[in-house]
Every structure is written in structure tokens, then in C-alpha cells.
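Q: The following block contains the structure, expressed as C-alpha cells.
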Amino acid sequence: MNHKFQVDIEKCIKCGLCTVDCPTGAIVKDENNVPIMKNPLNCMKCQHCFAICPQGAISIMGKNPDESNEIRNVNPDDVLNLIQSRRSVRHFKHDNVSKEIIEKLKNMLNYSPTGKNSHALHFSFVENVDVMDDLRKKVNAKLATLFNKKPFEFLGKKINKFDKHKDAILNGEDVIFRNAPHMVVVSAPVNSPCPQQDGVIALSYFELYANSLGLGTLWCGYAQAILKMFPSFCEYLRIPEGYMPVYVMLFGNSAINYKRTIQPNPYQFITIEKQELEKDIWKNIKRTFWNFIR
Ligand SMILES: Cc1cc2nc3c(=O)[nH]c(=O)nc-3n(C[C@H](O)[C@H](O)[C@H](O)COP(=O)(O)O)c2cc1C
């Protein structure tokens with residue numbers, strides 16, 4: 001495995017930060033205190049060595065430190081306001097988001113973290129509202145055929161998910177995609193360490209960045225259900241073999257504006273005190289099983 005780990009000896013001040021911060025011990029100092037890639041099989045390609053070097057002396061996988069972005073401080077109040085003000089948008093303008101904005105969103109997605117830095121996510125974008133219109137027609141028509149079969153069954157189970165929308169769907173209303181002009185489907189290799197988490201993190205980043213760019217988004221469980229019900233939909237979206245669709249997000253210019261943040265009820269927050277840790281924490285056997293049952 002060649003990571004093309006290179007140190008510019010002229011610039012390196014032998015501070016050792018890259019070796020200390022390497023999460024897997026792949027990089028160590030040689031006898032002259034110069035960092036070397038000692039254990040390449042351990043390297044996750046996370047680029048911490050590259051990012052931490054105060055001198056820009058390290059290159060890995062052919063990356064040039066001069067082409068990285070500087071790290072700026074962000075205003076935490078603005079970040080919090082972005083989080084507080086995002087809403088699920090179900091009324092979109094029927095027009096295309098500009099190519100430039102979609103490119104920005106795609107470029108941002110490359111920074112989304114993945115377990116063990118597997119970095120193998122796949123994104124299927126519907127970037128044209130006409131394609132989306134075609135898709136919603138096809139999905140509605142397919143759902144309508146299922147309603148005609150009585151009872152509405154899938155793999156021997158009665159499906160209730162769309163039952164309550166039967167009339168609307170038969171009327172041609174887009175209950176599934178909410179007339180959104182765009183959609184992104186994230187998928188991950190089934191055998192990657194954290195496929196579900198990786199995909200959901202990526203879409204969480206997507207949602208916030210899209211909102212900061214003035215767009216509206218919607219996590220779309222219904223579209224996800226359609227993907228599971230109809231594997232041919234995965235083919236249509238060109239989800240690669242060996243990948244699982246993780247989730248679907250609709251996006252576009254919002255047709256509505258919210259005037260204030262909501263006021264959510266607080267979740268449960270507990271603080272673990274030190275004396276609790278001093279208990280024999282492995283004794284509480286009856287909980288262990290149930291903790292993992294859904
Ligand atoms: C995982 C997930 C799936 C969702 N699926 C749908 C969906 O299929 N259709 C829909 O209209 N809303 C969907 N929603 C939106 C939720 O109903 C919404 O997040 C919730 O009502 C809170 O409103 P807010 O997002 O505006 O704060 C989904 C949300 C999440 C987090």
C-alpha cells in the first residue's frame with residue numbers, strides 16, 4: 001500500500017506532532033527525529049499528519065498542503081441558530097437549485113467523517129426537477145397498483161405505512177417526495193464498519209449546510225421505505241452492488257419561511273457522578289440483554 005507519505009526535510013522542524021497525533025501509530029520518528037511511515041498497513045488515510053503539521057512539511061497521497069483551506073473561527077451563536085432554525089420543509093418551489101450550489105453541497109460531503117475512515121459513501125443525486133417529476137409519477141403509479149391488490153401486502157406482511165395516504169396517492173398527490181425538486185440518496189458498503197451511522201452523519205451535515213445556503217430539506221422516511229420495498233428503485237438510482245441505501249433527503253428552494261424557532265421540550269439529560277462509576281458496573285445483568293432489543 002503506497003500512501004506517498006513525504007516529508008519536506010527543509011520545512012520539517014521535528015516537532016513530532018504528526019507522530020503523536022497519528023491515531024494508529026503508523027507514523028513514527030526515525031533516529032534523526034524525522035517522521036516516517038513505519039506501519040503503512042495501520043494508516044487510515046485520515047490525513048491528521050498532513051493537517052497538524054505547523055510547517056506544511058507533510059504530504060500524503062499526493063496532497064499539497066498549500067491547497068488546503070485555512071481554519072477559521074466560527075461564531076457559535078450562528079451555528080446554534082442554524083441548528084435551531086432548520087425545519088422539515090414540505091413545500092418546495094418547483095424549480096432547480098443552481099448547479100453551483102449543488103456542487104458546493106457535493107464538495108462539502110467529502111468532509112463527512114466515516115467509521116475507521118472507510119470513506120466509501122455513495123451519493124445518488126436527482127438534480128433536475130423534470131427527473132424528479134418523472135420519478136414521483138412512476139412511484140405513485142406503482143403504489144396505486146399495490147392498493148388495487150387486496151389486502152395491500154408486501155412479503156406476506158400487511159403494509160399499513162401508506163394506507164392512510166391511499167386516497168391522496170390514488171389522486172396523484174405526491175405524498176412521498178412532497179413535490180421536492182431534488183433528492184439525494186446516501187448509500188454505504190454493507191461490509192463497512194458503520195454504514196448506517198456514516199450515511200446519517202453525511203445527511204446531517206448536508207441538511208445544515210443546505211440550510212446555511214438558503215435551501216430547505218426533508219429527511220424522507222417514505223422514500224427510504226420505497227427503496228426497501230422495490231429493489232429496482234436502487235438500480236434506477238445506480239446504487240452500487242454491495243451497497244445499502246442508508247437514507248434519503250429531499251431538498252430545494254423552500255416555498256415558505258419560518259418566522260421563529262420552535263421551543264422543543266427538553267430531552268432527558270443525566271449526569272453520571274463519580275460515585276456511580278465506583279459501583280461494580282458489570283453487576284447489573286438484567287439490563288444488558290434488553291438494552292439492545294428494539
Ligand atoms: C429519520 C426521519 C425521517 C422522516 N421522514 C419523513 C417523511 O417521510 N415525510 C415527512 O413529511 N417528514 C419526515 N420526517 C420529518 C419529521 O416528521 C420531522 O423531523 C418532525 O416532525 C420534526 O419537525 P422538524 O424537522 O421541522 O423540526 C422525517 C424526519 C426524520 C428525522
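Bear in mind these aren't lab numbers, they're just calculated from the coordinates by the rules spelled out. Please read all numbers here as calculations on a predicted model, not as lab measurements. Positions of Cβ are backbone-derived with ideal geometry, glycine not excepted, and every protein chain shown enters the neighbour counts.
Q: Rounded to the nearest 0.05, what FRET efficiency is calculated for Gln84 and Glu278 with R0 set to 25 Å and r the Cβ-Cβ distance?
A: Values: r = 38 Å, r/R0 = 1.52.
About 0.10, to the nearest 0.05.
Q: Now for a different question. Given q = 0.12, 0.20 Å⁻¹, what are the Debye log10 I(q)/I(0) values for region 78-252, with equal point scatterers placed on the Cα positions and solvent ignored?
A: Taken in order of the listed q values, log10 I(q)/I(0) reads -0.58, -1.39.
Q: Distance check, please: which entries in Lys137/Lys228; Lys29/Lys116; Lys38/Lys104; Lys29/Lys274 exceed 30 angstrom between their Cα atoms?
A: Lys38/Lys104; Lys29/Lys274
Q: Could I ask something else about it? Within region 81-151, which chymotrypsin sites (Phe, Trp or Tyr not before Pro) sit in a loop by DSSP and count at most 15 neighbouring Cβ atoms inside 10 Å?
A: For chymotrypsin sites (Phe, Trp or Tyr not before Pro) across region 81-151 that sit outside H, G, I, E and B with at most 15 neighbouring Cβ atoms in 10 Å, the list reads Tyr111.
Q: Same structure again: Please report the equivalent ellipsoid semi-axes of the chain, computed as sqrt(5 x eigenvalue) of the Cα gyration tensor, largest first, in whole Å.
A: Largest first, the chain gives 42, 26, 22 Å.
Q: Right, here's the next one. Suppose only helical runs count, i.e. DSSP H with n ≥ 4. What mean residue ellipticity at 222 nm does that imply for the chain under -39500 (n - 2.57) per run, divided by all residues and rounded to the nearest 500 deg cm²/dmol?
A: -9500 deg cm²/dmol
Q: To continue, here is another question. Could you work out the relative contact order of the chain? I mean the mean sequence separation of Cα pairs under 8 Å and 6+ apart, divided by the number of residues, in percent.
A: 19 percent
Q: Once you order the gyration tensor axes a ≥ b ≥ c over the Cα atoms, which shape class does region 182-233 get: rounded for a/c under 1.5, otherwise prolate or oblate by comparing a/b with b/c?
A: Oblate, since a/c reaches 1.5 and b/c is not below a/b.
Q: List the Cys residues of the chain that have no partner Cys with a C-beta closer than 4.7 Å.
A: Within the chain, the cysteines lacking a partner Cβ under 4.7 Å are Cys12, Cys15, Cys22, Cys43, Cys46, Cys53, Cys194, Cys220, Cys234.
Q: Restricting attention to region 1-76, which trypsin sites (Lys or Arg not before Pro) occupy a DSSP loop and are surrounded by at most 16 other Cβ atoms within 10 Å?
A: Working: sites: Lys4, Lys11, Lys14, Lys29, Lys38, Lys45, Lys63, Arg72; in loops: Lys4, Lys11, Lys14, Lys38, Lys45, Lys63, Arg72.
Passing sites in region 1-76 are Lys4, Lys11, Lys14, Lys38, Lys45, Lys63, Arg72.
Q: Right, another one. Take the Cβ-Cβ distance between Glu31 and Asp66 as r, set R0 to 25 Å, and report the resulting FRET efficiency rounded to the nearest 0.05.
A: 0.25
Q: What residue among Met108, Asn64, Val126 has its Cα farthest toward the positive end of the dipole of the chain, where the charges are +1 on Lys, Arg and -1 on Asp, Glu, each on the Cβ?
A: In the chain, that residue is Val126.
Q: Going toward the positive end of the dipole of the chain, with +1 on Lys and Arg Cβ and -1 on Asp and Glu Cβ, which of Leu17, Leu41, Ala51 do you reach last?
A: Of the options given, the answer is Leu41.
Q: Please say if region 7-67 is rounded, prolate or oblate, where rounded means a/c under 1.5 for a ≥ b ≥ c the square roots of the C-alpha gyration tensor eigenvalues, and otherwise the choice is prolate for a/b larger than b/c and oblate otherwise?
A: Oblate.
Q: Still on this structure, please answer the following. If exposed means no more than 11 neighbouring beta carbons inside 10 Å and the site is in a DSSP loop, what's the longest run of the chain without any exposed GluC sites (Glu not before Pro)?
A: On the way: sites that count: Glu10, Glu31, Glu70, Glu241, Glu273.
Excluding the exposed sites themselves, the longest stretch runs over 71-240.
Q: Next question. Which length gain, in nm to one decimal place, applies between Thr271 and Thr145 when the Cα-Cα distance is subtracted from 0.36 nm times their residue separation?
A: 40.1 nm
Q: Sticking with this one: Taking R0 as 22 Å, what's the FRET efficiency between Gln55 and Asn2 from their Cβ-Cβ distance, rounded to 0.05? Could the numbers behind the result be given before it?
A: Working: r = 23 Å, r/R0 = 1.06.
According to the calculation, E is roughly 0.40.
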